[in-house]
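Single-structure report; data block below.
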Amino acid sequence: MHDRDAKRMVNFKDISDKQIKSIKASTLILIGDRDLITPEHALEMHRQITNSKLAIIPGVHGEYIEEITTLKLGSKEVDYVIPMIENFLNKSE
């Protein structure tokens, strides 16, 4: 998995602003404030996708949904992030 992810990152081709702006589906952009994607980049994507919502949660990638490699004892973020995701998905149906 690591090797595949590393290869994907090395060979990643950027998505043009035109392609980002063409997204019409309801979109939830969810990142951690210490994630690989910066809050500034997420905000720019949010501005370009007409029907998007943006949530920047304290933590690193996956930590706020209790992703197995980033588990943190006593984390409370999941208590509001999971309902936020469920709410978004239910409204998008």
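Residue count for region 38-69 satisfying the condition of being in a loop (DSSP other than H, G, I, E, B) and more than 25 Å from Asn90 (Cβ to Cβ): 2.
Output the qualifying pairs, or none if there are none: Cβ atoms under 6 angstrom, residues six or more apart or on different chains, first residue in region 79-93 and at pLDDT below 90, second residue in a helix (DSSP H, G or I). Short answer, once both residue conditions are applied: Val81/Tyr64; Val81/Ile65. Of all residues in region 17-39, those that are more than 18 Å from Asn51 (Cα to Cα), out of contact with any strand residue (DSSP E or B) (no Cβ under 8 Å at 6 or more places or on another chain) and without any contact (Cβ under 8 Å) to a residue 12 or more places away in the chain total 1.
Taken over region 16-34, the criterion of being closer than 12 Å to Met45 by Cβ and either outside any loop (DSSP other than H, G, I, E, B) or not β-branched (Val, Ile, Thr) (or both) is satisfied by Asp17, Gln19, Ile20, Lys21, Thr27, Leu28, Ile29, Leu30, Ile31. The set of residues in region 6-15 that are farther than 14 Å from Glu44 by Cα and of a type in the set (Val, Ile, Thr) contains only Val10. Considering only residues in region 1-15 that are outside any helix (DSSP H, G or I) and under 18 Å from the mean Cα position of the chain (by Cα), the one that is surrounded by the fewest Cβ atoms within 10 Å (Cβ to Cβ) turns out to be Asp14. Each residue in region 27-44 was checked for being modelled with pLDDT under 95 and in contact with a helix residue (DSSP H, G or I) (Cβ under 8 Å, 6 or more places away or on another chain), and 4 pass.
The values are calculated or read from the model by the stated rules, or taken from the named source; none is laboratory data. All values reported here derive from a predicted model rather than from experimental measurement. Quick reminder, even Gly has a Cβ in these numbers, built from the backbone with ideal geometry, and neighbours come from all protein chains shown.
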